[in-house]
Amino acid sequence: MSCGITYRHHPFSGTSFCLFLLALFFLVMKGCTGSGEAGDSTGSSENLSSAGIPAYPAWFLHPGSISEENAVGFAMASFYEERAAERAFHNGELAFRAQQGLIISYTTFWEQLPDDSFRLTGEEFLTDTLAAPAQDLHLADFATVNRMTISLVSASDAITLHNNRVHPGPQPNWVRNPPVSGDYAYAVGYSPVYYYEHESWKRAEISALKNLAQDYEIRHQRLVRSLNGASEAITLQESELRVGEIQVLERWRDERNSYVLIRANRGRYAQAANSEFSVQESNQ
């Protein structure tokens with residue numbers, strides 16, 4: 001048997017050299033599989049590490065447990081760590097301002113199918129801030145995790161942080177069953193996990209705001225178009241509200257999706273218009 005490659009003046013014959021390479025390959029593979037990633041001693045943490053889910057600062061996963069006067073900013077990680085932290089801090093300032101007061105407008109368009117079910121065919125989502133830019137914000141902490149730089153922006157000097165990193169853990173109950181309260185409105189949003197993880201968390205927050213807005217519908221309009229004897233129905237649903245004291249309470253992720261739990265003070269809601277329902281038909 002021959003390797004197919006001959007080395008002049010090599011101490012090994014062709015067959016011996018092939019066996020040597022094969023043995024070296026198995027040694028390398030054994031070292032790779034046995035060198036697992038260091039982590040917590042619990043089985044759940046080891047599973048999360050092996051699944052590629054990193055550990056995060058506790059303040060990132062559980063921001064509602066530290067203070068209401070904080071926000072998290074995201075940015076893509078960079079070789080220049082300080083520049084990435086500055087971008088994340090700037091985005092955190094914008095997030096802090098949005099949490100103080102926000103106008104949310106969300107419109108969806110639905111097509112009615114022959115079996116009377118509906119299919120989403122388009123949407124429009126807009127937000128505008130109500131509060132002035134915050135003053136005296138400071139960078140309480142920042143970290144780089146999984147190609148993402150995150151900054152904790154705070155208006156409080158008395159914030160207490162525990163500089164430990166934690167894994168997301170098992171799926172929390174709020175992912176499927178958001179809390180119910182007379183004083184607060186809660187909403188959960190999610191997004192697929194992307195290579196640049198900061199995009200996942202931003203989209204999850206937008207998803208939560210959309211779900212929050214859907215509970216405050218101001219217009220429901222059904223348009224019917226007839227063409228050559230066939231009718232096509234499009235339903236428009238529009239939601240708009242003004243809200244203050246929005247807070248991200250929890251974050252969680254698994255291998256596929258990122259989830260965010262937000263809440264808003266019901267006492268500071270003011271719908272932008274009176275609810276109305278109308279049906280319009282047009283024949284074309």
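The values are calculated or read from the model by the stated rules, or taken from the named source; none is laboratory data. Quick caveat, the model's predicted, so the values are computed rather than measured. Cβ coordinates were reconstructed from backbone atoms using ideal geometry, including for glycine residues, and neighbour counts include every protein chain displayed.
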Of the conditions (1) out of contact with any Leu (no Cβ under 6 Å at 6 or more places or on another chain); (2) modelled with pLDDT of 85 or more; (3) more than 19 Å from LEU120 (Cα to Cα), ARG266 satisfies every one except a single condition; which number is it? (2)
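From the list SER156, SER151, which one is modelled with pLDDT under 85 and at negative phi?
The match here is SER156.
Per-residue answers, yes or no, for (1) assigned to a strand (DSSP E or B); (2) of a type in the set (S, T, N, Q):
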{"site": "LEU94", "(1), (2)": "no, no"}
{"site": "ILE103", "(1), (2)": "yes, no"}
{"site": "ASP116", "(1), (2)": "no, no"}
{"site": "THR121", "(1), (2)": "yes, yes"}
If you take the residues in region 159-180 that are outside any helix (DSSP H, G or I) and without any contact (Cβ under 8 Å) to a residue 60 or more places away in the chain, which one is nearest to ALA77 (Cα to Cα)? ARG176
I want to confirm something. Restricting to region 55-71 and keeping residues that are aliphatic (A, V, I, L, M) and over 16 Å from ARG147 (Cβ atoms), which single residue is surrounded by the most Cβ atoms within 10 Å (Cβ to Cβ)? ALA71
Taking region 131-146 as the search range and keeping residues that are surrounded by 14 or more Cβ atoms within 10 Å (Cβ to Cβ) and in a loop (DSSP other than H, G, I, E, B), which one is modelled with the highest pLDDT? LEU137
Considering only region 192-211, state which residues are over 17 Å from VAL72 (Cα atoms) and touching a strand residue (DSSP E or B) at 6+ places or on another chain (Cβ under 8 Å). PRO192, VAL193, LYS210, ASN211
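I need the full set of residues from region 147-171 which are hydrophobic (A, V, I, L, M, F, W, C) and surrounded by 13 or more Cβ atoms within 10 Å (Cβ to Cβ), in order please. Break it down stepwise before answering.
From region 147-171, those hydrophobic (A, V, I, L, M, F, W, C) are 148, 150, 152-153, 155, 158-159, 161, 166; that's our starting set.
Hits for region 147-171 are MET148, ILE150, LEU152, VAL153, ALA155, ILE159, LEU161, VAL166.
Check VAL224, VAL188 and return the single one that is farther than 30 Å from GLU82 by Cα and free of Cβ contacts under 8 Å to residues at least 60 places away in the same chain. So that I can check it myself, show each step before the final result.
Numbers: VAL188 fails: free of Cβ contacts under 8 Å to residues at least 60 places away in the same chain.
The conditions single out VAL224.
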